[in-house]
C-alpha cells in the first residue's frame, strides 16, 4: 500500500499481517477419539454416548482447569491437545474424584504449571 506524502512522493507502508494463534486447539470430539484409542487400558470405546457423557460430566472441571474452552453458547468444546491427556486420564480412571479435584487444584498442574 502506498500513500502520498505532502511533497508528492509515495512511501510504502506494510499492511499488518494476521497473527495466527497456535494450532493446539482441536474439537473435543476428535481429541477424545484419539484419547480413547491411545488408552486401551481404560476399556472404553468411542461412541457418541461416551463422548456426550464425558463432555457433560467432566467438561466443567476441564473447562475450569483451562484444558477445554467453549467458543460459543451452542458450540462444542475445543481441547488443548498439549494438556488434555493427563487430566482426562485422571478424571476417567478415578471417576472424577481424584485428589487434585477434591482439593480444587488446577488440572494444569499436570503440565508443570500448578496454580492453587
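The values are calculated or read from the model by the stated rules, or taken from the named source; none is laboratory data. Keep in mind it's a predicted model, so treat the numbers as computed, not measured. Counting neighbours? That spans all protein chains shown, and the Cβs are built from the backbone with ideal geometry, glycine included.
Brief remarks follow.
- Residues that are assigned to a helix (DSSP H, G or I) and loosely packed, with under 11 Cβ neighbours inside 10 Å, drawn from the range 22-41: 40, 41
- Among the residues here, residue 68 qualifies as under 12 Å from residue 91 (Cβ atoms), surrounded by 15 or more Cβ atoms within 10 Å (Cβ to Cβ) and in contact (Cβ under 8 Å) with a residue 40 or more places away in the chain.
- Within the range 72-105, tally of residues that are assigned to a loop (DSSP other than H, G, I, E, B), at pLDDT 50 or above and surrounded by 11 or more Cβ atoms within 10 Å (Cβ to Cβ): 9
- Verdict on residue 17 being more than 21 Å from residue 77 (Cβ to Cβ) and at pLDDT 85 or above: yes
- Check on residue 61, more than 12 Å from the chain's Cα centre (by Cα), within 25 Å of residue 94 (Cβ to Cβ) and surrounded by 13 or more Cβ atoms within 10 Å (Cβ to Cβ): yes
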